[in-house]
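Take a look at the structure below.
Throughout, read-outs are computed from the coordinates displayed, never taken from laboratory work. What you see is a predicted model; the values in this text were computed from it and never measured. Here the Cβ positions follow ideal geometry from the backbone for every residue, glycine too, while neighbour counts run over all protein chains shown.
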Amino acid sequence: FVPKRLAGRKVVLTAGPTFEAIDPVRGITNISSGKMGYELARACVQAGAEVVLVSGPVSLPVPAGVHRVSVAGARDMREAVFAALPGADVFIGVAAVADYRPLEVAEHKMKKKDGILTLALTQNPDILADVAALPDAPFCVGFAAESQDLDAYAEGKRRKKGLPMLVGNLVQDGMGADDNVVVLYDDAGRHPLPRAPKAEVSHGIVAHLATLLAAAGR
Ligand code: C5P
């Protein structure tokens with residue numbers, strides 16, 4: 001039994017990696033299975049929310065009751081997020097968005113040449129920071145996967161992006177796995193959750209989120 005703590009709420013999430021094209025058959029991407037974002041989307045539906053999941057390329061089935069919008073690059077992801085935002089109470093950025101994309105996308109398959117090939121990259125928009133900066137921003141939750149110094153980096157990101165809540169984890173604890181160990185960060189401090197399957201961790205995240213939403217009088 002899952003309490004319907006998000007009944008009547010609309011939640012928009014991002015999940016998975018983004019894929020930034022180089023040419024029609026190549027691209028750069030981040031490593032992300034999408035499991036955490038998909039489990040969190042499922043947990044939000046179970047808590048009674050209307051859920052839009054903007055997803056980069058992953059091979060996961062769409063959880064029951066979730067409306068999935070499939071995208072590739074960070075700019076497509078940003079556009080789909082902003083299209084889904086009207087009426088949203090909560091935005092959760094779980095996606096591993098590529099920070100950079102190739103400056104130019106070749107129309108045709110690039111041919112092999114001798115020597116060094118240099119790829120010019122340009123910065124992608126920060127979807128979460130952009131949503132959090134909106135005057136009528138929904139309640140924004142970020143994720144931070146770090147390989148060291150979790151507390152300092154995670155809390156630093158939460159403050160820099162102006163987020164009321166952030167979920168941090170060490171990449172060695174959760175990447176690609178079915179289990180995860182996370183720490184929740186908010187204005188009151190750090191709240192570690194026990195190691196558990198991502199489905200269970202998701203219910204812990206939703207419970208904390210619902211408590212903060214209610215405390216904020218939203
Ligand atoms: O700074 P970093 O990329 O580690 O921040 C992670 C958080 O920001 C995640 O919630 C991620 O989904 C979000 N993000 C984003 N757009 C980016 C980069 C990160 O929405 N371009």
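For the residue pairs K10/K161; K112/K160; K157/K198; K10/K160, the alpha carbons lie more than 31 Å apart in K112/K160. Toward the positive end of the charge dipole of the chain, with +1 on the Cβ of Lys and Arg and -1 on the Cβ of Asp and Glu, the farthest Cα among A72, A129, I116 is that of A72. When each of S59, S202 is scored by the number of other beta-carbon atoms lying within 10 Å, the sequence from fewest to most is S59, S202. Computed from backbone phi with θ = phi - 60° and the Karplus coefficients 6.51, -1.76 and 1.60, the 3J(HN,Hα) list for the range 160-173 is 4, 8, x, 9, x, 8, 9, 10, x, 8, 8, 4, 5, 8 Hz; x is used for glycine and proline. Charge dipole (Cα centre; +1 on Lys/Arg Cβ, -1 on Asp/Glu Cβ; no other charges) of the chain amounts to roughly 300 debye. Each residue in T29, T122, T211, T14 was given a count of other beta-carbon atoms within 10 angstrom of its own, and listing them fewest first yields T122, T211, T29, T14. Here the range 1-125 is treated as an ellipsoid with the same Cα gyration tensor; its semi-axes, largest first and in whole Å, are 34, 13, 10. Each of I205, I31, I116 was scored by other Cβ atoms within 10 Å of its Cβ. Listed from fewest to most, they are I116, I31, I205. Evaluated with a Cβ-only charge set (Lys, Arg +1; Asp, Glu -1), the range 121-218 carries a dipole of roughly 180 debye about its Cα centre, given to the nearest 20. Look at the alpha carbon pairs under 8 Å that are at least 6 residues apart: their mean separation over the length of the chain gives a relative contact order of 19 percent. Roughly speaking, what is the centre-to-centre gap between the range 126-177 and the range 51-103 when only Cα atoms are used, to the nearest Å? The distance from the Cα centre of the range 126-177 to that of the range 51-103 comes to 16 Å. Other residues with beta-carbon under 11 Å from the beta-carbon of V58 carry, at +1 per Lys or Arg and -1 per Asp or Glu, a net charge of +2. Would you mind counting up the charge near A214? Only other residues with Cβ under 14 Å from its Cβ, with Lys and Arg at +1 and Asp and Glu at -1. Residues close to A214 contribute a combined charge of +2. Just to be sure I understand the curve: with the Debye formula and one point per C-alpha of the chain, what is log10 I(q)/I(0) at q = 0.12, 0.16, 0.17 Å⁻¹? Taken in order of the listed q values, log10 I(q)/I(0) reads -0.62, -1.06, -1.20. Considering only P197, P102, P135, the Gaussian network model of the chain with Cα springs below 10 Å gives its largest mean-square fluctuation to P135.
How far apart, in nanometres, would the label points at A214 and K109 be if each is projected 7 angstrom from Cα along the Cα-to-Cβ direction? Between A214 and K109, the label points sit 5.8 nm apart. In angstrom, the C-alpha Rg and Dmax of the range 88-179 are 17.4, 53.
Taking the Cβ of L128 as the center, what net charge do the other residues with Cβ under 14 Å away carry, scoring Lys and Arg +1 and Asp and Glu -1? Computed value for this residue: +3.
Residue by residue, the range 197-206 carries 3J(HN,Hα) couplings of x, 4, 5, 6, 4, 4, 5, x, 5, 5 Hz when phi is fed to the Karplus relation 6.51 cos²θ - 1.76 cosθ + 1.60 (θ = phi - 60°); x denotes Gly or Pro.
Legend: calculated FRET efficiency, L60 to E200, from the Cβ-Cβ distance at R0 = 22 Å, rounded to 0.05, equals 0.80. Distance between the pseudo-spin-label points of Y153 and H191 (7 Å out from Cα toward the beta carbon): 2.4 nm. Take 179-192, 137-150 and order them by the average number of nearby Cβ atoms within 10 Å per residue, most first; the result is 137-150, 179-192.
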